[in-house]
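Let me begin by presenting the structure, written as structure tokens, before commenting on it.
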Amino acid sequence: WYHNAFLDVEDMLELATRARVRLCLDLSHAALSCTAGNGDLVEYVRELAPHVSHLHIADASGTDGEGLAIGEGDIDFAALMPLIATMDATLVPEIWLAHRNGGEGFVFALQSLSRFLPENLRSGDARSGDRRSHGDEAPQQ
């Protein structure tokens, strides 16, 4: 998992500032980069936060374990989610093979992430495990 694309916070900040664009931050890739460079992921995200408009959320391990289910890697979501909750950004879980079995990996990811959010930011659907897709009708009673 080594390449020369934008990995350093300074490079990403310069791009966002000079080009006047907002960024998509892949948390799993950021974690791998921080591990490889002995960086602090929370500080990495804090520095980029004002320039991020979208996040890809997954766990990570080491320098090549990307796209893991939440809790299967090394990311400290308890430290990161309060920061992420303050960002003016959308997010999507980007878990390897999460689409299988009706998307149960995505549901699990959202439920796992919601545990780390302050109570007032938690979604009722994420806590209850409501697995309906957007547009599906609620079951008849």
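Of the residues making up region 39-59, those that are part of a strand (DSSP E or B) and crowded, with 16+ Cβ neighbours inside 10 Å are Val52, Leu55, His56, Ile57, Asp59. Within region 80-92, the set of residues being over 22 Å from Val107 (Cβ atoms) and either basic (Lys, Arg) or open to solvent by 60 Å² or more (accessible area, probe 1.4 Å) (or both) comprises Thr86, Asp88.
Only one entry in Ala69, Ala36 is among the small types (Gly, Ala, Ser) and closer than 19 Å to Ile95 by Cα, namely Ala69.
Looking only at region 60-79, decide whether some residue is under 11 Å from Val9 (Cβ atoms), modelled with pLDDT of 95 or more and either open to solvent by 40 Å² or more (accessible area, probe 1.4 Å) or hydrophobic (A, V, I, L, M, F, W, C) (or both).
Scanning region 60-79 turns up no residue that is under 11 Å from Val9 (Cβ atoms), modelled with pLDDT of 95 or more and either open to solvent by 40 Å² or more (accessible area, probe 1.4 Å) or hydrophobic (A, V, I, L, M, F, W, C) (or both).
In region 93-124, the qualifying residues are those that are assigned to a helix (DSSP H, G or I) and open to solvent by 90 Å² or more (accessible area, probe 1.4 Å), and the one that is modelled with the lowest pLDDT is Asn120.
The values are calculated or read from the model by the stated rules, or taken from the named source; none is laboratory data. Since the structure is predicted, the reported quantities are computational estimates derived from the model, not experimental observations. Don't worry about glycine lacking a Cβ; one is built from the backbone with ideal geometry, like all the others, and counts go over all protein chains shown. Areas reflect the complete protein model, heavy atoms only, side chains present, ligands, DNA and RNA absent. Shrake-Rupley method; radii C 1.70, N 1.55, O 1.52, S 1.80 Å.
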